[in-house]
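What follows is one structure encoded as structure tokens, with my remarks underneath.
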Amino acid sequence: MSEAVSALAGAGFDGIARVEEAGQVGMVTLRGDLDSAAMVKAVKTATDAAVPGQRAITRAGGYAVAWMSPDELLITCDHDKADAVVNSLAKSLAGAQFLAVNVSDARAVFDVSGAQARDVLAKLMPVDFSRAAFGPDIIRRSRLAQVPAAVWMSADDTFRVVCFRSVARYLFDVLCMAAQDGSEVGVLG
């Protein structure tokens, strides 16, 4: 069996913000009835986090559970724990209609950090990244440049960006262009 590697081997760029590939991140897509008692219990058992509301993200320990659509969650964790999350969900949801898949190696993850991180992302995505509108418990799915992506805050002035692995190089390059020195907008940073 081949060894899993991240999309861009930890590539990084420093400009008005730091853009860095986050490396291998465990990710599980979970689809089903998010309001059912069985789903709420299964997510809590697997992650110790609650099922989030619309456009929200919850966290517990090393797990994050992000709302992706009315019937879909994205669970993030350490890369080596993703299969255990899938197995826990499958056990808890036996007999229910659901889908739980380890998608860790099909995605690329980037961190955009620094005082100007909001400006960098706002150049590329039609989302209000102001501090009043975008805080640590919010997730947005939209186009980042021309690529479908999800974005949330992973720490103060740090945003996590998830995209398909097939567009990782393109997205990294676009983020780096938006973070070039001298490109400050000065509106959100």
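The values are calculated or read from the model by the stated rules, or taken from the named source; none is laboratory data. Being a predicted model, the structure only gives us computed values, none of them experimental. Glycine gets a Cβ as well: all are built from the backbone with ideal geometry, and neighbour counts include every protein chain shown.
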Mind counting the residues in the stretch 120-138 that are out of contact with any Leu (no Cβ under 8 Å at 6 or more places or on another chain) and either in a strand (DSSP E or B) or not small (G, A, S) (or both)? 7
Tell me, which strands (runs of 3 or more DSSP E) lie completely within the stretch 139-189 with 2 or more residues that are closer than 15 Å to F13 by Cβ and not basic (K, R)? 158-164
For the stretch 22-29, state whether one or more residues are at positive phi, surrounded by 19 or more Cβ atoms within 10 Å (Cβ to Cβ) and in contact (Cβ under 8 Å) with a residue 40 or more places away in the chain. no
Which of the residues spanning the stretch 163-184 are touching a Phe, Trp or Tyr at 6+ places or on another chain (Cβ under 7 Å) and farther than 13 Å from A149 by Cα? C176, A179
The stretch 175-189, subset crowded, with 17+ Cβ neighbours inside 10 Å and either touching a Gly at 6+ places or on another chain (Cβ under 7 Å) or modelled with pLDDT of 95 or more (or both), residue farthest from A122 (Cα to Cα): C176
Selected residue (only one of F129, F110, F172 is crowded, with 18+ Cβ neighbours inside 10 Å, free of Cβ contacts under 8 Å to residues at least 60 places away in the same chain and not aliphatic (A, V, I, L, M)): F129
Surrounded by 16 or more Cβ atoms within 10 Å (Cβ to Cβ), of a type outside the set (S, T, Y) and without any contact (Cβ under 8 Å) to a residue 40 or more places away in the chain - does that describe any residue in the stretch 150-158? yes
Lone qualifier among R141, R118 - being more than 17 Å from R59 (Cβ to Cβ), within 12 Å of the chain's Cα centre (by Cα) and of a type in the set (D, E, K, R): R141
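Every residue, every condition in (1) of a type outside the set (S, T, Y); (2) out of contact with any helix residue (DSSP H, G or I) (no Cβ under 7 Å at 6 or more places or on another chain); (3) assigned to a strand (DSSP E or B), yes or no:
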position	(1), (2), (3)
A4	yes, no, no
L8	yes, no, no
F13	yes, no, yes
Q24	yes, no, no
M27	yes, no, yes
M39	yes, yes, no
V43	yes, yes, no
Would you mind finding the one in R165, R143 that is exposed (fewer than 15 other Cβ atoms within 10 Å of the Cβ) and modelled with pLDDT of 95 or more? R143
